[in-house]
Amino acid sequence: MEIYDVIELEELIPKVQDWFVVRNLVEADPHGQLLKLGEELGELYEGIAKNNQLMVIDAIGDMIVVMVGYSLQTGTEFDFTQGYSIVPEYNVFSLSKDLYDISLENIMFGLTQIAYRYGTDITTCLNYAYNEIKDRTGKLVGNVWVKD
């Protein structure tokens, strides 16, 4: 994993929001973000199945990026910086139900639990994802951002 300065969520969330604004993605159809969220959930489950910490970190970070975009596109007010208590008995597959309900709060709660199980936290995961995308270029194809 690349070494970079960790930015706290309060500063990082606006950077992710700006990433969507600069690429003119805020006005895009939010259904594309939901498709991307489902894709990233699949990658998260793959990381869990392979017990691969880096895959889990990457997928959690990517899911948070997607949710930030979704909240911008739908005008949903959500505080991504709120903390969640750790629940040791959390069933990771509950995340599928939370995703289906499109509850940002429930999804963030679940991602927090999974990150904890893999020895990390959502701040680290989002930093990893942001450092992967911050200079990325691409274009909107249909409703989905496709990187160059």
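The values are calculated or read from the model by the stated rules, or taken from the named source; none is laboratory data. Quick caveat: nothing in here was measured; it's all calculated off a predicted structure. Neighbour counts are summed over all protein chains in view; Cβ atoms, including those assigned to glycine, are modelled from backbone coordinates with ideal geometry. In case anyone asks, the SASA skips ligands and DNA or RNA and just uses the protein heavy atoms, side chains included. Shrake-Rupley method; radii C 1.70, N 1.55, O 1.52, S 1.80 Å.
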**Study point:** the chain: calculated mean residue ellipticity at 222 nm from DSSP helix runs of at least 4, using -39500 (n - 2.57)
**Key:** -19500 deg cm²/dmol
Point to revise | P(r), alpha carbons of the range 54-124 - 10 Å bins starting at zero, rounded % | key: 20, 57, 22, 1
Check your understanding: How long is the gain from Asp135 to Lys97 if the chain were fully straight, where each residue apart is worth 0.36 nm and the alpha carbon distance is subtracted?
Key -> 10.4 nm
**Study point:** Accessible area (Å², per residue) of the range 1-63, counting only protein heavy atoms and a probe of 1.4 Å
**Key:** 56 Å²
Practice item. Mind jotting down a quarter of the surface of the convex hull over the alpha carbons of the range 1-66, in square nanometres, one decimal? Key: 5.2 nm²
**Study point:** Relative contact order for the chain, counting Cα pairs under 8 Å that sit 6 or more residues apart, in percent
**Key:** 31 percent
Exercise for review: Can you tell me how much longer the chain between Gln17 and Arg117 gets when fully stretched, taken as 0.36 nm per residue apart minus their C-alpha distance, in nm with one decimal?
Suggested key: 33.2 nm
Exercise for review: Once you have the Cα-Cα distance between Gln82 and Ile7, take 0.36 nm times their residue separation minus that, and quote the gain in nm to one decimal.
Suggested key: 25.5 nm
**Study point:** Sulfur and carbon atoms: percent of accessible area, the chain [1.4 Å]
**Key:** 50 percent
Study note, to complete from the structure: Under the 7 Å Cα-to-Cβ spin-label approximation, Glu89 and Ala49 lie apart by a distance in nanometres of 2.8 nm
**Study point:** the chain: Lys pairs at Cα distance under 14 angstrom, eight or more positions apart or on different chains
**Key:** 4
Exercise for review: Quick one: Debye curve from the alpha-carbon atoms of the chain only, equal weights, vacuum; give me log10 I(q)/I(0) at q = 0.15, 0.20 Å⁻¹ to two decimals.
Suggested key: -0.72, -1.35
Review point. Under a 5 Å amide H to amide H cut-off, with H placed in plane at 1.01 Å, what residues pair with Gly138 once short-range neighbours are removed?
Key: Asp148
Check your understanding: What percent do you get for the relative contact order of the range 76-148 when only Cα pairs under 8 Å and 6+ apart count?
Key -> 21 percent
**Study point:** Whole-Hz couplings from phi, Karplus 6.51/-1.76/1.60, listed for the range 79-94; x for Gly and Pro
**Key:** 8, 6, 8, 5, x, 10, 6, 8, 10, x, 8, 4, 8, 4, 7, 5
